Structure formats: structure tokens, C-alpha cells
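A short write-up of the structure that comes next.
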Amino acid sequence: MTSNQQKLLHSLNRRISKLESVEFAKEILADEAFASIIFKKLVTGNSKEAANILWSIRSLKRMEFSIVPNLCQKILYLMEKYPDEEGILRDGTALLQEIYIPEDLQSKVFDICFGFLQNNSSSIASKAFSMAVCYRIAESFPELLKELALQINENIFLQGSTSPGINSRGKAVLKKINQRLRK
């Protein structure tokens, strides 16, 4: 392990900077052995380490997410293990927007993300990302689209005037839902 990799590894116990998260992503791509250590630490480390690693994975390009073995399963595991850790919930839902969700996990992912939409104490970011995740899954299950539209409308009504993220993401997803339902 290089000295830079050791330095990065030691930084996981504090909130890392955006620059450090990008550096982590570069090292993960460049060194398979380092990546293996990081992916193991993702599920065995503490909540701060896991949150920092998820944030670093977000710095990868979409086509590079496949280097993380079983990423969807790992995200779900972390969300269940740390249900109150905002960094894990935010970055986990952000990644779920982008990654492949195996068919056998789609129902579980939908339920978790839909739960964020229903929970008034969920963060704005988790809700906004969850709208996109739920829509991706509901595209294959049109019966879920109407229920999703109702929940998004409720979020816009309750938080849209104070949250540009909820308002803009909600309206964008509702537009897609309406187009899909008209087909």
C-alpha cells in the first residue's frame, strides 16, 4: 500500500473533503488490492467510514460502479445497519439512482425509498434521490406509478415551497410519470 493510500485510509474516521473523496475514487480505480481493502471496510467499518466510502464511490463514473462487487446489496445492508446515519442514507440513495438494481432486490429498494418519501423527517436529499429510484423501479411496474405520483405530490405540497430540490425533482419525476401513464 502506498503512503498516499495509507493516509487516505486513516482519514476515513473523520469527515473527508470532496477532494479526498475524488482521490479515494482514483485510488480505487488504480489499485485492485486497495479497492479490495476499501470494499471490505465498507461493510465492516464504522458508520463514518462507510459514509465516507459511499461518498467516494459517488465520485466514480456510472460505468465504473461495476467494480464494486454487490454494490446494491452493500448499500441496503448499510441502510439497515445505520438507519439514522444521514451520510449513508443520502449517498446510498444517490448511488441507487445510478446503479443496476437486481430484480430480486427491486421490491426492497422501492419500499425503502418510498419510506423516505413518506417520512417527514427524511432529509431533502434522500427524498429527492428516492423519487428517481422509485420511478426507475416503477417503470417496470406501472401499478406503482399512481401511488408514487400521489406521494410525490404530497412531498411537493408539504415541502416544495421551502425546498427547491423537492420541488424541481418532484415536478420532473411527475412529468415522466404522466408521460408513462398516457401511453
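Nothing in this text is a laboratory measurement; each read-out follows from the coordinates by a stated rule. This is a predicted model, so every value here is computed, not measured. All Cβ positions, glycine included, derive from the backbone under ideal geometry; neighbour counts span all protein chains shown.
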Taking Cα atoms only, helix 86-98 is inclined relative to the longest principal axis of the chain by an angle, in degrees rounded to 10, of 70
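What is the sum of charges, Lys and Arg at +1 and Asp and Glu at -1, for the other residues whose Cβ falls under 15 Å from the Cβ of S11?
Computed value for this residue: +3.
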For region 1-126, calculate the relative contact order in percent as a whole number, restricting contacts to Cα pairs under 8 Å that are 6 or more residues apart.
-> 21
Rounded to whole Hz, the Karplus (6.51, -1.76, 1.60) HN-Hα couplings of region 68-73, x for glycine and proline | 8, x, 6, 4, 4, 4
Helix-derived [θ] at 222 nm for the chain: sum -39500 (n - 2.57) over DSSP H runs of at least 4, divide by residue count, nearest 500?
-> -23000 deg cm²/dmol
Evaluate the charge dipole of region 29-153 about its Cα centre and quote only its size in Debye, nearest 20, assuming +1 on the Cβ of each Lys and Arg and -1 on the Cβ of each Asp and Glu.
-> 220
Which of the residue pairs K40/K61; K48/K175; K18/K175; K48/K127 have a Cα-Cα distance greater than 28 Å in the structure shown?
-> K48/K175; K18/K175
Please work out which option in (1) 19.6, 60; (2) 17.2, 57; (3) 16.9, 53 gives Rg and Dmax of the Cα atoms in Å calculated from these coordinates, and answer with its label.
-> (2)
